[in-house]
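Engineer: There's a structure below that I have some questions on.
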Amino acid sequence: MRTPPTAGAELPPLEIPVTRTLIVAGAIASRDYQDVHHDAEAARQKGSPDVFMNILTTNGLVGRYITDHFGPAAVLHKVAIRLGVPNYPGDTLVLNGRVEAVDGDRATVRVVGANALGTHVTGTVTVTVPTATSAPASEGAS
């Protein structure tokens with residue numbers, strides 16, 4: 001069982017290389033077929049230097065960051081994010097988090113993700129982190 005979250009605790013950073021494959025695969029997986037997420041020429045015609053990551057992929061990466069830290073038993077209840085600068089191929093997204101509040105086994109974590117251009121994502125995640133006292137007893141335990 002993971003250590004329960006503590007208000008004020010910093011989560012270790014997570015570095016995610018932003019590849020063209022990640023951007024396109026995330027768009028396909030989330031059924032976001034906007035051409036700016038898979039067609040570099042179309043993205044350039046619309047004023048972007050290249051394809052860029054969609055918000056649903058960013059949302060998934062923020063969720064991954066939280067569950068990677070708190071473990072597979074963590075349950076995400078709310079992920080509320082806002083995008084800033086785009087993620088382009090060749091960027092590295094660095095996610096950082098801070099536990100803002102704890103109420104029992106539920107925590108609110110502030111997340112900020114940045115790349116070389118600046119802040120890509122900000123937001124909060126509400127997560128339940130089962131502890132030894134809140135987790136159900138395993139079958140057959142006495």
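The values are calculated or read from the model by the stated rules, or taken from the named source; none is laboratory data. Since the model is a prediction, treat every value here as computed from it, not as a measurement. Note: ideal-geometry Cβ built from the backbone for every residue, glycine included; neighbour counts use all protein chains shown. The accessibility values were calculated without ligands, DNA or RNA, using every heavy atom of the protein model including side chains. Shrake-Rupley method; radii C 1.70, N 1.55, O 1.52, S 1.80 Å.
Engineer: Which Cα, out of 84, 102, 47, lies furthest along the positive dipole direction of segment 1-112 (beta carbon charges, K/R +1, D/E -1)?
Structural biologist: 102
Engineer: Given R₀ = 30 Å, FRET efficiency for residue 48-residue 15 by Cβ-Cβ distance, to 0.05?
Structural biologist: Efficiency, from the Cβ-Cβ distance: 0.80.
Engineer: So how much slack lies between residue 33 and residue 131, counting 0.36 nm per residue of separation and subtracting their Cα-Cα distance, in nm?
Structural biologist: 31.2 nm
Engineer: Let me ask something else. Would you please give the FRET efficiency between residue 25 and residue 119, computed as 1/(1 + (r/R0)^6) with r the Cβ-Cβ distance and R0 = 41 Å, to the nearest 0.05?
Structural biologist: 0.95
Engineer: With a probe of 1.4 Å, find how much accessible area the chain has per residue, and write the answer as a whole number in Å².
Structural biologist: I get 55 Å² per residue for this part.
Engineer: Could you work out how much longer the chain between residue 82 and residue 7 gets when fully extended? Use 0.36 nm per residue separation minus the Cα distance between them, nm to one decimal.
Structural biologist: Roughly 24.8 nm would be gained on extension.
Engineer: Which of rounded, prolate, oblate describes the chain, given a ≥ b ≥ c as roots of the alpha-carbon gyration tensor eigenvalues and a/c under 1.5 marking rounded, otherwise prolate only if a/b is larger than b/c?
Structural biologist: Judged from the Cα gyration tensor, the chain comes out prolate (a/c at least 1.5, a/b above b/c).
Engineer: Taking the Cα centre as origin and putting +1 on Lys and Arg beta-carbons and -1 on Asp and Glu beta-carbons, what dipole magnitude results for the chain, to the nearest 20 debye?
Structural biologist: Using Cβ point charges on Lys, Arg, Asp and Glu, the chain gives about 200 debye.
Engineer: On to the next question. Expressed as a whole percentage, what fraction of the accessible surface of the chain belongs to carbon and sulfur atoms when a 1.4 Å probe is rolled over the protein heavy atoms?
Structural biologist: 53
Engineer: Chymotrypsin sites (Phe, Trp or Tyr not before Pro) within segment 9-98: which are DSSP loop residues with at most 16 other Cβ atoms inside 10 Å?
Structural biologist: Of the chymotrypsin sites (Phe, Trp or Tyr not before Pro), the ones in loops of segment 9-98 whose Cβ has at most 16 other Cβ atoms within 10 Å are 33.
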